Every structure is written in C-alpha cells, then in structure tokens.
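Take a look at the structure below.
All of the numbers you see were taken from the coordinates with simple rules; none came from a lab. Bear in mind that the values here come from a model prediction, so they are computed numbers and not experimental data. We place every Cβ from the backbone using ideal geometry, glycine too, and count neighbours over all the protein chains shown.
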Amino acid sequence: MKSKLLCLSLLFLILFGMSKPAAAQEDLWKEQRAWEGVPEYYQKWNYPDFQFSSTLPAWKNDRVQVAATLQRLLGDIPARPKNLNVKTVFRKQMNGYVLEKFLIDNEVDGLIPGYLAIPTNVKGKVPVILGMHGHGSSKDNILGSDSDTAQDVLALLISKGYAVMAIDSYFNGERRGTGPAGTPEQSKGAAQETSTFKINLWFGRSLWGMQIRDEQIALDYLKTRPEIDSEKIGVEGMSMGSTRAWWLAALDERVKVVVGIACFTRYKELIEQRELKAHGIYYFVPGMLQHFDTEAVMGLIAPRPFLALTGDSDAGSPLSGMKTLEKKLDTVYSLYKEKDKFKSIIYPNTGHVFTDDMKIEMLDWFEKYLK
C-alpha cells in the first residue's frame, strides 16, 4: 500500500514541483555536549521539567490548569470576530478541485489572506487539512505556486479527497508591508517581525498568541463552509508551521489530527545546545519557562493523533530534547491507553527539510486517523 502511495505522490510532485533535496551532509548540524560553551550562570537557572500525573483523572484535572496558564502567558489576546467579514477574491475551477482565494478581517490589525482548495471528485462533505507554512515563506508554498515547493502538499492531499486551506501568517507572504511601520518594511521581513513583536508587547500580548488567534479565525471560517466536514479537521506544517500546528491543536480541540515536520523542540535542550538563534523572535512566549517546557503544550493534544517528523541534524530541534519529548509524550498518551496515537520519527543524517518520505508518512497518518 505504501509503495502505491509513494508512486502516486511522486507523480503529483513531478507534475506540481519536486520538493528540495535534503541538505548536504557537510551542512548538517551535529549536537554538542550539553551546556558546552554556555556561561555558567545560565546553566544554574531553574529550568522546569514537567511531570505528567500518574493517573488519567489527575492529568485531566492538571491539563485544565496547563491550558489556562498557556492562555494567560500568551497575553491579553483580543476576542475573535463574532461575525466574520470575509471577501472572496476569486474562485477558479482547477484540475480536480475548486480554488478560492479569500480575505478575512481579523478586526485588530489587518486582513488574513488565504486559499481554500476543495476537491470536486468527492461527494458530500470533505475532511480538510489546514497547511501551515514556515518562517519566511507563505500560503503559496503550501499550494506549490511558489518557486520553493518543499512544503507543497496540495496535489497529494487533493488526490486523496482532502480539502486544503492555507493562510499567510504575520510578516509573511502578502502580509509583508502591513505591519506597524507599513510599506517601508515590505522588503524587510525580519524588521517587520521585530516591530510587530514589539508593538504587541506594548499592548500586553505576544505576537505568537496573535498568530494562533489568526489560525483559530481560519478554523472559524471552515465551520461556515457547507462543503467541509468540520468534525474532520487536520493540521500540518513545517518549521514555524509545525510549531503553530501543535500549539493550535493544544489550545483548540476542533483540530482532530496533527502532523508536525521539524521543530519538535524542547526549550531547555535548545538552550543547552546554544541554538536559541535557530528560531525567530515571533514564537517566544514571555514567562513560559517559569511554568513548564513544551511537553506540557504537546500533552494537551492527547489523546488526539500527533505525528512528529524530524531530522536528527536539525539545529532547531536538538536530538536530546526530542528524545526527552518522546518519553514524556509516551507517558501521557499511555494514560489514555492510546500510545499508538503519538508517533515520532527521527530521520538519520537529515536536517531542516520536508522530504517526500515525510509527505508519505503525513498522508498515511491522515488516512489512518482523519478519514
């Protein structure tokens, strides 16, 4: 079965653009000894080591507090629009699907540009995948309409009867030049990212919280579409998109299945390995390490299916941290007697990439748990 899916996926990837090859071996990051080169003061800080409860009832009680703490740490996030103001820019009949482009007013700082592709060879309501692009890319990467097709999942998912949605996150794609400095930052994505982070701090909220808010608005829109089975919503993403995927699923139970490519990251090990530079300022949540590390966030996804696909030489995901996360998430999924619904694959000699093999694993996961 997997060989047939691989052949099918490769056919579509040839038609719609091949993903980038893995990084050359000499370019791959290798993990150093813990704390090597890190000044002693930082080594002595009190880094949290979250322990899941030993019983399911106790964890169900604890998870309420974890979720509430996360929401508080994200800051004073404005309520989402009660009545969405959506403009359809165009609607086109494509080969095997209808493609719509839309703009949603988030009622705080601008419009959210996005695409929705709906297969035409499926009767009734269809399951949908919300594809989340990486840092410095855009919704167009998810659809393969950009020169960088590594994140292109449209053809593969459409061929299996899934609708696909993708939006531009802050300071990416069509939203470049729409930050607080306006058009002077249009060609300077890093500058817009920083200024947007700063202005949100002044208003008592995190940029990361605002990014997640936009994804939730996208889910709100999906709920209004009669073609979509809103009980079958999956999310996938690479890099920044991966982190957005598991944070969104942690905080919004409308997400039923999660696939994260790269950025399966535990923060303590990121510091140990001197790799804070591997992530942009956008996703740093003030105060988080006063409470817990990322296992607490990911634990909120359980018992919903969660697949993590990561290279062992990805600087943004230290291997030691991934091993710790695997053990901790096995623990929480075991509380539900759903251990098989969490899976982590660590690819040897692989960097920060989204390979064809990963795409097949992603598809298999959605086929198993979303359909």
Discussion item. I want to check the label-to-label distance for residue 41 and residue 181. Put each point 7 Å from Cα in the C-beta direction and report it in nm to one decimal.
Written reply: 2.9
Item to complete: Normalise the Debye intensity by I(0) for region 311-371, one equal point scatterer per Cα, no solvent, then take log10 at q = 0.16, 0.17, 0.21, 0.30 Å⁻¹ and round to two decimals.
Response: -0.63, -0.71, -0.97, -1.14
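How fast does the chain diffuse by Stokes-Einstein, in µm²/s, taking the Kirkwood radius from C-alpha pairs at 10 °C and 1.306 mPa s?
Details: Rh = 21.0 Å.
D, rounded to a whole number, is 76 µm²/s.
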Worksheet, complete the sentence: Out of 29, 45, 59, a Gaussian network model of the chain with alpha-carbon springs under 10 Å gives the largest mean-square fluctuation to 45
Response to the item:
Computed on Cα atoms, Rg of region 218-337 relative to 2.2 N^0.38 Å comes out at 1.09
Practice prompt. Between residue 231 and residue 105, with labels modelled 7 Å along Cα→Cβ, what's the label distance in nm to one decimal, could you check?
Written response: 3.4
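Could you work out how much longer the chain between residue 58 and residue 83 gets when fully extended? Use 0.36 nm per residue separation minus the Cα distance between them, nm to one decimal. Please list the in-between numbers first.
Working: separation 25, 0.36 × 25 = 9.00 nm, distance 3.76 nm.
Length gained between residue 58 and residue 83: 5.2 nm.
Highest first, please rank the peptides 153-162, 319-328 by the mean number of other Cβ atoms sitting within 10 Å of their residues. Don't skip to the end; give the middle numbers.
Numbers: 153-162: 23.7, 319-328: 18.1.
The densest-packed peptide leads the list: 153-162, 319-328.
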Discussion item. List the aspartates and glutamates whose Cα sits under 15 Å from the Cα of residue 323, skipping any in the same chain fewer than 8 residues away.
Written reply: 31, 49, 269, 272, 293, 295, 312, 314
Worksheet item: If you find the alpha carbon centre of region 95-145 and of region 288-333, how far apart are they in angstrom?
Response: 27
Practice prompt. Excluding residues on the same chain fewer than 8 positions from residue 277, give the lysines whose Cα lies under 16 Å from its Cα.
Written response: 30, 268
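Please tell me which of these pairs span more than 20 angstrom C-alpha to C-alpha: 337/368; 327/371; 125/343; 123/232?
Values: 337/368 18 Å; 327/371 28 Å; 125/343 28 Å; 123/232 15 Å.
Cα-Cα > 20 Å for 327/371; 125/343; rest within.
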Practice prompt. Just rank 198, 268, 82, fewest to most, by other beta-carbon atoms within 10 angstrom.
Written response: 82, 198, 268
Worksheet item: Counting only DSSP beta bridges with both residues in the chain, what percent are antiparallel, rounded to the nearest 5?
Response: 45
